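Heads up: the structure comes next, in structure tokens.
Laboratory data are not the source of any read-out in this text; all were calculated from the coordinates shown. The structure presented is a predicted model; accordingly, all values stated were derived computationally and were not measured. Cβ placement follows ideal geometry from the backbone for every residue including glycine, while neighbour counts extend to all protein chains displayed.
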Amino acid sequence: MRIDIAAVGRLRKGPEAAMVADYLDRFARTGRGLGLSPIRVIEVEDKRGTGMAAEAELLSRAIPAGAVLVMLDERGEQPTSPDFARRIAAFRDRARDLCFVIGGADGLDPALRARADWQISFGRMVWPHMLVRVMLAEQLYRAATILAGSPYHRD
Ligand SMILES: C[S@@+](CC[C@H](N)C(=O)[O-])C[C@H]1O[C@@H](n2cnc3c(N)ncnc32)[C@H](O)[C@@H]1O
């Protein structure tokens, strides 16, 4: 199963980039025996000033055809980590690829959000999009450890 993260903006070298790289590296190692390919991050230009619609256009072009669209949005569903892992496994078992989408400073264009197959939230507070990348990378790694039965996650 292929998992991509399509995100607005370029993550510069720094603590967030180091954390994302670390979690994605751990995911790649844990996911190898689980039928989960290494995660690819696709960055699109931050079009602050020209509006969300321009970013939505770039994101639409970046999203792989046929992928299940999982949008990150504070208004979305709040699954537990084990539920998140189970849902990923269910998509994998149906041979579906996933594309997680993270908006820019203005958020995700409503027309793009309307295309979501699943909207997930990391709580009702709004987080900076670069931190959301770190949180998503960690949750994906956590999901892989849950599916692998390793003791990283504790309820
Ligand atoms: C700074 S936020 C944009 C907030 C924007 N004002 C809005 O109303 O959507 C940038 C992106 O980070 C992600 N994000 C921020 N907070 C989030 C949360 N609590 N749960 C899930 N994703 C979140 C979303 O993808 C959002 O588009």
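By how many degrees, 0 to 90 and rounded to 10, does the Cα axis of helix 52-62 deviate from the longest principal axis of the chain? It is inclined by approximately 50 degrees. Given their separation in residues at 0.36 nm each and the Cα-Cα distance between them, Asp155 and Ala105 gain 14.7 nm when the chain is fully extended. The residue list Gly49, Ala85, Val70 was ranked by how far each Cα lies along the charge dipole of segment 3-148 toward its positive end, using unit charges on Cβ atoms, and Ala85 comes out on top. Projecting the Cα positions of Ile146, Val8, Trp127 onto the charge dipole of the chain (unit charges on Cβ atoms of Lys, Arg, Asp and Glu, taken about the Cα centre) puts Ile146 furthest along the positive direction. The relative contact order of the chain, computed from alpha carbon pairs under 8 Å that lie at least 6 residues apart in sequence, is 34 percent.
DSSP beta bridges confined to the chain are antiparallel in about 5 percent of cases.
Using only side-chain charges placed at the Cβ, +1 for Lys and Arg and -1 for Asp and Glu, the dipole size of the chain relative to its Cα centre rounds to 400 debye.
Straightening the chain between Glu43 and Ala148 buys 34.9 nm, computed as 0.36 nm per residue apart minus the Cα-Cα spacing. Only DSSP H runs of four or more residues enter the estimate; each adds -39500 (n - 2.57), and after division by the residues of the chain the mean residue ellipticity at 222 nm equals -13500 deg cm²/dmol. Taking the 0 to 90 degree range and rounding to the nearest ten, how far is the long axis of helix 81-93 tilted relative to the main principal axis of the chain, both from C-alpha atoms? Once rounded, one gets 90 degrees.
Among rounded, prolate and oblate, which fits the chain when a ≥ b ≥ c are the square roots of the eigenvalues of its C-alpha gyration tensor, a/c under 1.5 means rounded, and a/b larger than b/c means prolate? It is prolate, given that a/c is not under 1.5 and a/b is the larger ratio.
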